[in-house]
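The values are calculated or read from the model by the stated rules, or taken from the named source; none is laboratory data. It should be emphasised that the depicted structure is a prediction, and the values quoted were computed from it without experimental measurement. For neighbour counting, all protein chains shown are included, and Cβ atoms are generated from backbone atoms with ideal geometry for every residue, glycine included.
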Amino acid sequence: MAGRINDDDVKAVRNAVPIDAVVSEYLQLRNAGGGQLKGLCPFHDEKSPSFHVSPSKGFYHCFGCQEGGDTLDFVMKVDHLSFSEAVERLAAQAGITLRYEEGGYGRGSQAGERTRLAEAHRAAAAYYREQLDGPEAEIGRRFLDERGFDKDAADRFGLGYAPAGWDHLVRHLRGKGFSDKEMTLAGLAQDSRSGRPIDRFRGRLLWPIRDITGEVVGFGARRLRDDDNGPKYLNTPETALYRKSQVLYGIDLAKREIGKAGRAVVVEGYTDVMACHLAGVTNAIATCGTAFGGDHVKILRRVLMDNSRSEVVFTFDGDAAGQKAALRAFEDDQKFAARTSIAITPGGMDPCELRLAEGDPAVQTLVESRTPLFEFALRSAVTAHNLDTAEGRSAALEEAAPIVARIKDAAIQHEYAVRLAGLLGILDTQFVVRRVGQLAKWARERSAARPGGDHRPRQPEHGAPPGEPPARPRAAGPALNLRSPAHRVERELLKLALQRPELVAPAFDAYGADEFTAPPYAVVRKAVEAAGGVGGADGEFVARVRDAAPDDTVRSLVTELAVEPLRAARGREPDEIYAGMQLVAVRLAAVHARIAELEGSARRLEAQRDHESAAPVREQLWVLQQYARALRDRGADAL
């Protein structure tokens, strides 16, 4: 059984891998001000970015779904790893050798199951690459050469060859220390009729399929010989690593260009991705033996930083099957904020065939000559009917009007409604415009009536930065009244204590928890004190405060406060003057609250004619009133 990973090694891993470098492997991040970054959350669907990362603190927090934590928490959540597996993955990236409390330095047998499956895939990919250079793989190299791919291209995409024997890979991986069970769980081997494991891929050309981080999670294998009775393409089965509906081939190579250009090109096969990249279209990706679906949309939206300025271009063959696939893609159009377009390849050729026949410029021209997807869907619907008859025009209107009604932009929707009237030859343009508008209204009403479809404006919830989408209510903990200026300034002061402790030290450490009138903020103040206070803040300060939090709810709030941009940072960098204003505001609010309490006590005593007891209360009142006046007049100098 694997031992516990040494605590110092866990700390070294946390410090060695910057959180923004890890997160940016999964989603596009942009500047959020104040040293913060933001992007579309990988843990829930959202239309505008509410996922914030603080590189300086090493934490993330989503103001939409309230997920938050450090680098290890992110890797565990996004890749469904155990704590040990997350540490092992990041340690491998950082080149750190882990020590296990019960077993010395890390060995393969001590790694988590998912880590072992990833290591098996890595070893298999290297083995297959070596085999592609052997004499048996001549048929595979010829296949590539006939499609315009030389050795450099094969190396660039890590292509390999699986020997035709029954257990070549199995024997190779056994020699590397992998068990038969691990090979089977990884989808690299399968049980034979005799019960012994044999290679899943035999006598085939292989494409390694990588996740967004570049880790090999599966393979796509192409049939090469006539006596191979298997399918044309055989993929890795569903495993703990590989979910075909959640993987896009080439995303590891294309993600940088997709984010930079704000455009993704979706093609149909592995060779099409290769052809596009070699032709200079380096933002091309493909699904892995399945139709483009909702999970693929989620991956692309995060990489694109999905917005109205970005674009997704689908390429399909010009035949009937390609047109049908294009119309299926249109069904996903509304899931993107990005514009969606279609590029139909000429003569029924796919991008690989087009590059071979007409060269790299033809592939580039194909993408540049794209057509808006809803225009393609509209024309496809209209041309399916006989427009020479009233019945045909009516049927075409009923099929095409819902397509126009689905267009998100109202101005473009109106323009296409007018265009539809022209395509149908209907002289009463306003009749078509009204019909489209009616269908669009009904669709909005149906959406609002569905559970979770209420799109009415809501008051911002506590924790959301100005201008960000409202957050879902917290599962536990007292609700805060955002209309209270005291609560807002208490939040800002705690953010300063966690993000810029040097600006509020040493004054902050003299503040009592009772000066924070919002109960959750009072608990955070206690956690700051338990972590040594702002006077002892260092690179591990926020982590210590999180550790001192009494439960997960408070721990999540600490992360939130450590990541949320400071209000001053939106206009200028926070400085000692800004910090002093927050310190004074919180202290002044606490003083006023105490003055009100003492005034009430003094009046009750005086009403009872207990002037002897009322006198010291009045004396305290006078001292506090003078202190309040000094705070108002002198600001932070009076603290």
Filter the range 1-27 down to the residues that are surrounded by fewer than 22 Cβ atoms within 10 Å (Cβ to Cβ) and part of a loop (DSSP other than H, G, I, E, B) and list them by number. Met1, Ala2, Gly3, Arg4, Asn6, Val17, Pro18, Ser24, Glu25, Tyr26
Could you identify the single residue in Pro574, Pro550, Pro565, Pro616 that is in contact with a Gly (Cβ under 6 Å, 6 or more places away or on another chain) and either more than 21 Å from Lys526 (Cβ to Cβ) or not assigned by TED's automatic domain parsing to the domain that holds Phe63 (or both)? Pro565
Would you confirm whether any residue within the range 66-80 is within 30 Å of Ala264 (Cβ to Cβ) and among the small types (Gly, Ala, Ser)? yes
Taking the options Gly112, Gly106, Gly95, Gly69, name whichever one is within 28 Å of Asp295 (Cα to Cα) and at pLDDT below 90. Gly112
Identify, from the list Val10, Val22, Val78, the residue that is at pLDDT below 90 and among the β-branched types (Val, Ile, Thr). Val78
Can you tell me which residue within the range 50-68, out of those that are more than 10 Å from Val563 (Cα to Cα) and of a type in the set (Gly, Ala, Ser), is surrounded by the most Cβ atoms within 10 Å (Cβ to Cβ)? Gly64
Could you say whether any residue in the range 599-618 is small (Gly, Ala, Ser) and touching a residue at least 60 places away in the same chain (Cβ under 8 Å)? no
Can you tell which of Glu182, Glu88 is out of contact with any Gly (no Cβ under 7 Å at 6 or more places or on another chain) and either touching a residue at least 12 places away in the same chain (Cβ under 8 Å) or not in a helix (DSSP H, G or I) (or both)? Glu182
What are the residues in the range 509-549 that are more than 14 Å from Gln499 (Cα to Cα), at pLDDT 90 or above and not in a helix (DSSP H, G or I), if any? Tyr511, Gly512, Phe516, Ala531, Gly532, Ala549
Helices (runs of 4 or more DSSP H) completely within the range 110-173 that count 3 or more residues being closer than 15 Å to Asp199 by Cβ: 113-131
Taking the range 28-47 as the search range and keeping residues that are in a strand (DSSP E or B) and among the aliphatic types (A, V, I, L, M), which one is modelled with the lowest pLDDT? Ala32
Check the range 432-439 and report whether any residue there is loosely packed, with under 11 Cβ neighbours inside 10 Å and either modelled with pLDDT of 90 or more or closer than 30 Å to Leu37 by Cβ (or both). no
Over the range 280-295, the set of residues touching a residue at least 60 places away in the same chain (Cβ under 8 Å) and crowded, with 23+ Cβ neighbours inside 10 Å is Val281, Ala284, Cys288
Of Glu391, Glu415, which residue is closer than 21 Å to Ser341 by Cβ, part of a helix (DSSP H, G or I) and of a type in the set (D, E, K, R)? Glu415
Residues in the range 550-588 that are over 32 Å from the mean Cα position of the chain (by Cα) and either part of a helix (DSSP H, G or I) or under 22 Å from Arg14 (Cα atoms) (or both): how many? 13
Given the condition in contact (Cβ under 8 Å) with a residue 40 or more places away in the chain and in the same structural domain as Val281 (by TED's automatic domain parsing), answer yes or no: does some residue in the range 344-351 qualify? yes
State all residues of the range 522-545 that are crowded, with 22+ Cβ neighbours inside 10 Å and either on the phi > 0 side of the Ramachandran plot or touching a residue at least 40 places away in the same chain (Cβ under 8 Å) (or both); if no residue qualifies, say none. Val542, Val545
